[in-house]
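Structure record follows, encoded as structure tokens.
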Amino acid sequence: MTETPKPGSPDAPHPDSQTPDTHTHVPDRVFARARQDAETAKAAVSTPQTENPAYRLAFQDMDFLLREDLRPVRFQLELLKPQLILDEAKIGSTFVMYGSARIPEPAKAQALLDLARNAVDGNAQAIRIAESLVEKSKYYDVAYELAQLVSAFPIDEEGKRQFVVCSGGGPSIMEAANRGAAEAGYESVGLNIVLPHEQAPNPYVTPALSMQFHYFALRKMHFLLHARALAAFPGGFGTFDELFELLTLIQTGKIKPIPVLLYGRKFWERVVNFEALVEEGVVSAKDLGIFTFVETAEEGWAVVKEFYRDK
């Protein structure tokens, strides 16, 4: 009588060679999912114990999550959530557009100028500001056109979308960027920030790609983590903050160079004396090569395509 080899012995058949047991199912998990436990917790019988905040599941306890000493956890969540959203949407890279929330489209800018000129008090400063906004309102159209050009970039071989338009999600120049993509039939990203005064996303941001941040630092990180090109239109403190952080990161070698387009040479050279920074010895002449002055959508897109040609 032949003895059956013991499992694990040299003569025993390899497990892979055995006939599979089609009647046996091995579960993929044994712990309940967090969502399931969360629902169970909601249905708990009301007692002095279950009504006390100490009994809440940690991830359902907003008072706990908003504690001062939970800030590092909130940092992680705010870093992770947008990343997961962009990954699941198969967004490989973005084309970021910065710019003022105060530069309206040309027709609205002209209407504001007319109001200023017809005002009873005839405030000269208000008229000058309105005239300046009319002059810069052309960049609303440029941002719109640039968004349409870059949004048409083909999906890559991995099924990922490149140069997806990304703005701060607000009005004016930001609106123009999202609007250009939307009206060309493409999705776009909006990264809004919670501010003391009410700020809603502009209506052209793709709802599933409309995100809100508490921390400015993490919002700026998400702008640049995915950016492979950036256009900065005339803007104020916020635009300067975001732009100069990028210039610093490239200057110091913390990130690889990407095309940085400054729209409106007249504006930028009036509000920032770049040459003076070189003359004062606080930046190098080569640092001024980090960015390129452009005026039209076609000119800017050509700079980006040339930058990545054969790379």
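The values are calculated or read from the model by the stated rules, or taken from the named source; none is laboratory data. Note that this is a predicted model, so its numbers are computed, not measured. Please note: Cβ atoms are built from the backbone with ideal geometry, for glycine as well, and neighbour counts cover all protein chains shown. Please note that ligands, DNA and RNA were not included when accessible areas were found on the heavy atoms of the full protein model with its side chains. Shrake-Rupley method; radii C 1.70, N 1.55, O 1.52, S 1.80 Å.
Once the Cα atoms are used to define both axes, helix 173-183 deviates from the longest principal axis of the chain by about 60 degrees.
Summing Lys and Arg as +1 and Asp and Glu as -1 over all other residues whose Cβ lies under 12 Å from the Cβ of Ala297 gives a net charge of -4.
For segment 174-250, the set of GluC sites (Glu not before Pro) satisfying both a DSSP loop assignment and a count of at most 11 other C-beta atoms within 10 Å is given as Glu198. Considering only Ala302, Ala208, Ala231, and ranking their Cα positions along the charge dipole of segment 161-311 that arises from unit charges at the beta-carbon of Lys, Arg, Asp and Glu, the one farthest toward the positive end is Ala208.
Positive end of the charge dipole of the chain (Lys, Arg +1 and Asp, Glu -1 on Cβ, about the Cα centre): tell me which of Ala111, Leu247, Tyr144 has its Cα farthest that way. It is Ala111.
Proximity of backbone amide H atoms, modeled 1.01 Å from N, is registered between Ser172 and no other residue at under 5 Å, excluding neighbours fewer than 5 places apart on the same chain. Counting only Cβ charges, +1 for Lys and Arg and -1 for Asp and Glu, the dipole size of the chain around its Cα centre is about 360 debye. Label-to-label distance, Lys81 versus Glu51, with points set 7 angstrom from Cα along the beta-carbon direction: 3.1 nm. Looking at the chain, the accessible area is 63 square angstrom per residue; that uses a 1.4 Å probe and ignores ligands, DNA and RNA.
In terms of overall dimensions, the C-alpha atoms belonging to the chain reach 108, 62, 44 Å along their principal axes, ordered largest to smallest. For segment 51-87 versus segment 115-155, the spacing of their alpha-carbon centroids is 40 Å.
Pop out the carbon and sulfur fraction of the accessible area of the chain as a percent, whole number, probe 1.4 Å. In the chain, the share of accessible area belonging to carbon and sulfur is 56 percent.
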